[in-house]
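The values are calculated or read from the model by the stated rules, or taken from the named source; none is laboratory data. Predicted model, so just to flag it, every value in this text is computed and none were measured. Because the Cβ atoms are built from the backbone with ideal geometry, glycine has one as well, and the counts that use them run over all protein chains shown. When the accessible area is computed, the model is the full protein with side chains, heavy atoms only, and any ligands, DNA or RNA have been set aside. Shrake-Rupley method; radii C 1.70, N 1.55, O 1.52, S 1.80 Å.
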Amino acid sequence: MWAYHSTFYQIYPIGFCGAPVHNDGQTVSRIRKLLDWTDYLSGLGIDAVLLNPIFESDNHGYDTRDFRNIDCRLGTNDDFAEVCRSLHSHGIRVVLDGVFNHVGRGFWAFRDVQEKKWDSPYKDWFYIHFDGNSGYNDGFWYEGWEGHYELVKLNLQNPAVVDYLLDCVKYWIDTFDIDGLRLDVAYSLDHNFMKRLRSFTNSLKPDFALIGEVLFGDYNQIVNDSMLHSCTNYECYKGLFSSFNDMNLFEIAHSLNRQFGPEQWCIYRGKHLMTFVDNHDVTRIASILKQKEHLYPVYGTLMTMPGIPCIYYGSEWGEEGVKAPDNDYALRPCFDAPKPNELTSYIKRLISFRKKSDALCNGSYRNVMITNRQLIFERRTEQERIFTAINAEGNEFCAQHGELQGEVLDLLSGERFTMNGQLIMKPYSVRILVFDPDSHPEYTKEQTADAELDSVSLEMKEADSPDSPADLDTRIPLAALTVVLGSASPRRTELLTQAGISHEVFPSTCEEHISSSVPEEVVQELAGQKAENVYSRWHSSHPQERFLVIGSDTVVANNGVILGKPAGRDDAHSMIESLQDHTHQVYTGVSLILYDGKDKLVHTFYEKSDVDVYPMTPDEIDAYLNTNEPYDKAGAYGIQGLFAIYVRGIHGDYNTIVGLPIARIYQELKKWIRF
């Protein structure tokens, strides 16, 4: 499940977008504000955005009026569809708040009951008694959620209600391509409903994530193979802030061991619960902590303990907000723009480490050493072993323990050293120690960049081609660079990863313009446009960073004519018919842009491969067209899918067809970069 390896970012849209707290009926496209934040979220390393209620409601979003339309205060369905496309293009998944336990008094079916009483076909959608009256003088009594009668409880044991809600979920997947749901007050939901929801969403989208809001009780009751993938870990939420406030790390250590420890009686081993330090319902961590210095070790603990970390918007720069007795407005503010600071950079690094770490995402948990003010715990898989060492006090501490042995790499400081029974822990600090660092080159870039840059003097001028190899003493080390891939293609990412090149995915957002019809010129022009777009956007948000951009584009050509995506079945039929029993070409253009913190170097090139296709009968062509694959992929792109059975041979680099000639890229980069 993708969620287990992700970092979430929670946004309360009505507050985030500055919408009125009560529905004024005016349609304003405020949700498009998220379009201005996608680059920031991608740069932070966020994998998924969790959006609290976005559908038409009476007031705060949890009092739904209409499950099929975006709240008019936020805009239209078309606005939100564009936001989802933008987030997806940046490699960020979208999870919505599914409010299925109750609706608002303005919900269309409840209004029908108010009007028609006994004669309403929807009276059994709710828990209604016509021999009583409500506080609103409706002429009948109904059950509200936990005594809140502005929230009308739905009857989830009524098949018609369940069918309606599932149909709405399908509509959200079809319309917005959402990737999961947070189930509001999941502890109140009917278990059979959650089982039906799991099987239904799995049939529509097998990797669809279901995460429940649970405040108390046994999480195993709803987090299991037949119901939800995860739920909120409120036990450890409370344990985190109170452990630091009370200077009693035994509390969080006990909770983590009770849930995930090595003993057979530990209750949630193997599960991935959603962890957080604040959200839209509770006082922000920067306000609840007694000492602001604890923000760093709190987030260090959050990002290395078991679970799926979720960051609440604004808290990554230390925004404050105190829950009021009668409302949550202070917790749900509107920000004109992100306000990143040193804390944000620290959290970004923690997210980056977690992305690379099997142990932090999936590893076992074990307490190694505990005092009131210090805690060392282990995360471990067969591939990796990590110690997290936390010091909550304002003085340096020397931990002494028999397990503090062996060579380690401190991910945060970059220090590599051998422990001999003790470990120095600075005030208010977290140390993330990777054992056997030679076996984990994925962390090398993070740790050696600054040190190597100090010894490298690189003078560059913008050029069209790196014609002569740079001297070994002047080439910039790969470890000193952030590599930015200007594409969301999983195959391009896979090729870079296989080549040992750690990178950030940051897709281009430019509109493509071509001035030529010659395939080799077109792919270089498109690759250059994408690389320049990514370069300018990345540089504006990371002005001090040294980075390399890789932009690429691929086209298929037959007899010198570029084949685009077919307009329909007839067009696709003609295209496939022209390719069968014939050899055609695939061109991939690549544009490399290197920025060393001062100067910019550019090199663009292309590679070509020939694809020879077997003869295809009319029935085979029709069968392939019926797969719908050829409507998305032109020509030889199909060798990655069902078209592969018709490919007689490939002459040239297969990776050119995939979309990234990695061998050629490596040879070109060697002229600039020291691997």
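Results, tabulated for the structure shown:
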item: Residue list for the range 416-436, filter: touching a residue at least 40 places away in the same chain (Cβ under 8 Å) and closer than 24 Å to Y299 by Cβ; result: L423, M425, P427, Y428, S429, V430, R431, I432, L433, V434, F435
item: Search result, residues across the range 396-416 that are within 21 Å of L360 (Cα to Cα) and of a type outside the set (S, T, N, Q); result: E403, L404, G406, E407, V408, L409, D410, L411, L412, G414, E415, R416
item: Matching entry among Y142, Y171, Y164 (being open to solvent by less than 60 Å² (accessible area, probe 1.4 Å) and either touching a His at 6+ places or on another chain (Cβ under 8 Å) or under 30 Å from T7 (Cα atoms) (or both)); result: Y142
item: Filter result (surrounded by 13 or more Cβ atoms within 10 Å (Cβ to Cβ) and of a type in the set (S, T, N, Q)) within the range 390-428; result: N391, Q405, S413
item: Single match in K339, K323, K290 (criterion: in a loop (DSSP other than H, G, I, E, B), within 24 Å of N395 (Cα to Cα) and out of contact with any Lys or Arg (no Cβ under 8 Å at 6 or more places or on another chain)); result: K290
item: Any chance D71 is open to solvent by 10 Å² or more (accessible area, probe 1.4 Å) and more than 24 Å from G43 (Cα to Cα); result: no
item: Residues satisfying the stated conditions in the range 57-68, i.e. farther than 17 Å from V95 by Cα and either open to solvent by 20 Å² or more (accessible area, probe 1.4 Å) or in a strand (DSSP E or B) (or both); result: S57, D58, N59, H60, T64, R65, D66
item: Residue within the range 311-325 that is crowded, with 19+ Cβ neighbours inside 10 Å and basic (K, R) present; result: no
item: Output for the range 174-189, where each listed residue is buried (at least 17 other Cβ atoms within 10 Å of the Cβ) and not in a helix (DSSP H, G or I); result: I178, D179, G180, L181, R182, L183, D184, V185, L189
item: Conditions (1) touching a strand residue (DSSP E or B) at 6+ places or on another chain (Cβ under 8 Å); (2) free of Cβ contacts under 8 Å to residues at least 60 places away in the same chain: number failed by Y4; result: (2)
item: Test for H503: is it within 23 Å of the chain's Cα centre (by Cα) and more than 20 Å from R85 (Cβ to Cβ); result: yes
item: Residue match in the range 269-281 (condition: of a type in the set (A, V, I, L, M), in contact with an Asp or Glu (Cβ under 6 Å, 6 or more places away or on another chain) and crowded, with 23+ Cβ neighbours inside 10 Å); result: no
item: Residue selected from the range 190-215 under the condition farther than 16 Å from G98 by Cα and in contact with a helix residue (DSSP H, G or I) (Cβ under 7 Å, 6 or more places away or on another chain), by the criterion least open to solvent (accessible area, probe 1.4 Å); result: K205
item: Single match in V83, V21 (criterion: aliphatic (A, V, I, L, M), part of a loop (DSSP other than H, G, I, E, B) and in contact (Cβ under 8 Å) with a residue 12 or more places away in the chain); result: V21
item: Residue in the range 493-529 that is surrounded by the fewest Cβ atoms within 10 Å (Cβ to Cβ), counting only those that are of a type in the set (V, I, T) and without any contact (Cβ under 8 Å) to a residue 60 or more places away in the chain; result: T497
item: Every residue from the range 530-573 that is surrounded by 20 or more Cβ atoms within 10 Å (Cβ to Cβ) and either among the basic types (K, R) or in a loop (DSSP other than H, G, I, E, B) (or both); result: K530, R537, P566
item: Of all residues making up the range 574-599, the number that are open to solvent by 10 Å² or more (accessible area, probe 1.4 Å) and modelled with pLDDT under 90; result: 14
item: Which listed residue is under 29 Å from G18 (Cβ atoms) and touching a His at 6+ places or on another chain (Cβ under 7 Å), from D278, D328; result: D328
item: Of all residues making up the range 139-195, the number that are out of contact with any strand residue (DSSP E or B) (no Cβ under 8 Å at 6 or more places or on another chain) and of a type in the set (D, E); result: 5
item: Cβ pairs under 6 Å, 6+ apart, first in the range 151-178 and under 28 Å from Y136 (Cβ atoms), second part of a helix (DSSP H, G or I) and open to solvent by 70 Å² or more (accessible area, probe 1.4 Å); result: N158/D124
item: Residue within the range 254-271 that is in contact with a Lys or Arg (Cβ under 7 Å, 6 or more places away or on another chain), at pLDDT 95 or above and not in a loop (DSSP other than H, G, I, E, B) present; result: yes
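Residue-by-condition table, conditions (1) of a type in the set (D, E, K, R); (2) outside any loop (DSSP other than H, G, I, E, B); (3) at positive phi; (4) open to solvent by less than 90 Å² (accessible area, probe 1.4 Å):
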| site | (1), (2), (3), (4) |
| --- | --- |
| G106 | no, no, no, yes |
| A109 | no, yes, no, yes |
| V113 | no, yes, no, yes |
| K116 | yes, yes, no, yes |
| N133 | no, no, no, yes |
| D138 | yes, no, no, yes |
| L151 | no, yes, no, yes |
| L156 | no, no, no, yes |
